[in-house]
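The values are calculated or read from the model by the stated rules, or taken from the named source; none is laboratory data. These numbers come from a predicted model, not from an experiment. Using ideal geometry, Cβ is built from the backbone for each residue, glycine included, and neighbour counts are taken over all protein chains shown. Only protein heavy atoms, including side chains, enter the accessible area calculation; ligands, DNA and RNA are left aside. Shrake-Rupley method; radii C 1.70, N 1.55, O 1.52, S 1.80 Å.
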Amino acid sequence: MTSMNSTQDKAVNQQPIDLDMKMQSIGLNAWFGAKQVLKDINLNVKANAVTAIIGPSGCGKSTFIRCLNRMHELVSGAKTSGQVLLDGKNIYEKQVDPVQIRRRVGMVFQKPNPFPTMSIYDNVAAGLRLTGTKKGKNLDEVVKRSLEQATLWAEVKDDLKKPGTSISGGQQQRLCIARAIALQPEVILMDEPCSALDPIATAKIEKLVVGLKRDYTVVIVTHNMQQASRVSDYTAFFYLGALVEFGATKDIFEYPKNPLTEKYITGEFG
Amino acid sequence: MRGAPQISLNFLTQSTSGGGIGPAIQGTLILIGLTSLIGIPLGILSGVYLAEFGNNKYAATMRTVNDILTEFPSIVVGITVYGVIVIALIGEYSAIAGAIALSFILIPIVARTTEESLKLVPNNVREASLALGVHKWRTTLSVVLPAAKSGLVTGTLLAVARIAGETAPLIMTILGNRYFFQGLTQPMAALPLEIWRDSLQPQVSLQAQGWGAALILILIVLSLNIAVRIASIGRLKK
Ligand SMILES: Nc1ncnc2c1ncn2[C@@H]1O[C@H](COP(=O)(O)OP(=O)(O)OP(=O)(O)O)[C@@H](O)[C@H]1O
Ligand SMILES: [Mg+2]
């Protein structure tokens, strides 16, 4: 038994591809110009689970998740090195089209950002229309299903023609989630999706996030420790561009191994 | 207001020999149309390039050229077009040469307003689209441009209003004549030229005609400005 275990361990070490892992970053570095903001990040994102990224402001949380769908490189002067695997394949390989990656790895931003010139309906349909992937799909159905999954349908079903910006902030954020879901991505990245919202709207989104993991893999950045413990299965603590600790959320919050992590979650700094 | 007594149906529609400024009005409208046709698409295209794809040294050069063109005295534009188009290419003062000269004035202004209206579109709107896996060009076309639409319309109309009154480049290009439209490669009348010529005449009646023409030109420019107002009220409503 012992020998078998050790060969398994060895196999895992040599071959980082694990089917349970939806995404993996391997030796990931990121820069803005000459300034390195991520240093050698090795992190596994488990499929159909919620992974939370926590850490003080400026530690690189947003940069990290923007490396997972190749949004980071859109900032002028920004670059990366290392690998990010999606289903075992490096998304930074030369022949990979970042546009295709972004269709598989969706994103929800800190500030709700519905398309200002589009109705609620058009916002949800936008992804399918603008990527030319609506062929053979019933748009009405996709819009309805996406809004339902985003728990917004009941609130807006009579106002689908209204501008996407005419609803409340919390509703706009759920609209953005619906917009991302409509393309049926495999992974959904969320960058502090509740930080601009009131507690009631926040509670709704948290509930929704937990529901999402049935169909999607979720990575969520949050400033809010309680939120991380409420919604996530795994938690990664970042500090000054490095991954300090990663593990099951329960372990991180109850038995942090690193004193820095402990300090941060008990609110001693941040 | 000295132009007001001049205005009559005859004045507006008759040719010069009939005591009207019909050819000049027609000429100015043709010039505005032609120049818009050439200048607006090119200007918007350049502005979009500068704002959305302008992170390289070609764009930097283009921006500089654009800035210089914006500051160019319009008579210099006229002389240049005279040299290149009127003398070398067509061999004749012509409507099209006038439109080209005015386009050189219009394009940099439209490019500049386009660039500025696009820059006002918040970056998170672009990111929202790109993060969905929408191509950059499609994002520009279907998300960014619509978001900048009212600014674009306003800026473009104002630019057109500005070139409508240009005189200097027309002297060197369309020359002016007494007849209704003769063809794109023929000289053509225009209101600014009419005003300029009439005001140099000793006869009181011709000077009066110049005042009338001035009033009409002001009305055309004014209506473009009113269109701008309406466009921006539409924006406020939204
Ligand atoms: N566009 C940019 N250009 C240059 N530096 C940047 C840019 N965006 C972020 N940075 C820097 O990169 C580092 C990481 O930023 P990042 O936004 O990833 O942090 P964060 O953990 O998400 O912070 P917050 O909690 O405040 O959102 C910070 O030091 C920040 O100043
Ligand atoms: Mg951030």
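Summary table
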quantity	calculated
Breaking point among (1) assigned to a strand (DSSP E or B); (2) more than 17 Å from the chain's Cα centre (by Cα); (3) away from ligand 2 (no atom under 15 Å from the Cβ), for A:V37	(3)
Residue ranges of strands (runs of 3 or more DSSP E) in region A:200-270 with at least 3 members within 16 Å of ligand 2 (Cβ to nearest atom) and crowded, with 18+ Cβ neighbours inside 10 Å	A:217-221, A:234-239
Some residue of region A:108-118 being over 26 Å from A:V209 (Cα atoms), within 11 Å of chain B (Cβ to nearest Cβ) and within 16 Å of ligand 2 (Cβ to nearest atom)	no
Any hit, region B:55-70, residues being open to solvent by 30 Å² or more (accessible area, probe 1.4 Å) and among the small types (G, A, S)	yes
Residue within region B:41-54 that is within 25 Å of B:I25 (Cα to Cα) and assigned to a helix (DSSP H, G or I) present	yes
Elements of type helices (runs of 4 or more DSSP H) in region B:129-228, at least 2 residues being over 24 Å from B:L34 (Cα atoms), in contact with a strand residue (DSSP E or B) (Cβ under 9 Å, 6 or more places away or on another chain) and touching a residue at least 12 places away in the same chain (Cβ under 8 Å)	none
Subset of region B:115-127 [β-branched (V, I, T) and either in contact with a Pro (Cβ under 8 Å, 6 or more places away or on another chain) or away from chain A (no Cβ under 13 Å) (or both)]	B:V125
Qualifying positions in region A:94-123 - free of Cβ contacts under 8 Å to residues at least 40 places away in the same chain and under 15 Å from A:N69 (Cβ atoms)	A:V96, A:D97, A:P98, A:V99, A:Q100, A:I101, A:R102
Candidate set from region A:164-199 (those that are polar (S, T, N, Q) and more than 16 Å from ligand 2 (Cβ to nearest atom)); member that is nearest to A:K137 (Cα to Cα)	A:Q184
Any hit, region A:241-258, residues being among the charged types (D, E, K, R), in contact with a helix residue (DSSP H, G or I) (Cβ under 9 Å, 6 or more places away or on another chain) and over 20 Å from A:N44 (Cα atoms)	no
Residue in region A:125-171 that is farthest from A:S195 (Cα to Cα), counting only those that are surrounded by fewer than 20 Cβ atoms within 10 Å (Cβ to Cβ) and of a type in the set (V, I, T)	A:T133
Hits in region A:69-85 (condition: within 16 Å of ligand 2 (Cβ to nearest atom) and farther than 18 Å from B:S129 by Cβ)	A:A78
All helices (runs of 4 or more DSSP H) inside region A:92-172 with 2 or more residues being within 20 Å of the chain's Cα centre (by Cα)	A:98-104, A:120-130, A:139-149
Yes/no for A:S62 being within 14 Å of chain B (Cβ to nearest Cβ) and open to solvent by 20 Å² or more (accessible area, probe 1.4 Å)	yes
Members of region A:43-83 that are near ligand 1 (Cβ under 10 Å from one of its atoms), under 16 Å from A:Q227 (Cβ atoms) and of a type in the set (V, I, T)	A:I53, A:I54, A:I65
Test: residue in region A:185-193 that is closer than 30 Å to A:Q24 by Cβ, within 14 Å of chain B (Cβ to nearest Cβ), of a type in the set (V, I, T) and open to solvent by 40 Å² or more (accessible area, probe 1.4 Å)	no
Pair list, Cβ under 9 Å, 6 or more apart: region A:128-154 residue more than 19 Å from B:L132 (Cβ to Cβ), other residue of a type in the set (S, T, N, Q)	A:W153/A:S146
So A:T63, is it assigned to a strand (DSSP E or B) and either in contact (Cβ under 8 Å) with a residue 24 or more places away in the chain or more than 16 Å from ligand 2 (Cβ to nearest atom) (or both)	no
Residue match in region B:96-115 (condition: in contact (Cβ under 8 Å) with a residue 24 or more places away in the chain and surrounded by fewer than 18 Cβ atoms within 10 Å (Cβ to Cβ))	no
Filter result for the condition that a residue is of a type in the set (S, T, Y) and under 21 Å from A:H72 (Cβ atoms), over A:Y121, A:Y92	A:Y92
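So that you can scan it fast, the table gives a plain yes or no per residue for (1) buried (at least 21 other Cβ atoms within 10 Å of the Cβ); (2) within 25 Å of A:V105 (Cα to Cα); (3) more than 8 Å from every other protein chain (Cβ to nearest Cβ):
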position	(1), (2), (3)
B:S129	yes, yes, no
B:V134	yes, yes, no
B:R138	no, yes, no
B:L152	yes, no, yes
B:G155	yes, no, yes
B:A161	no, no, yes
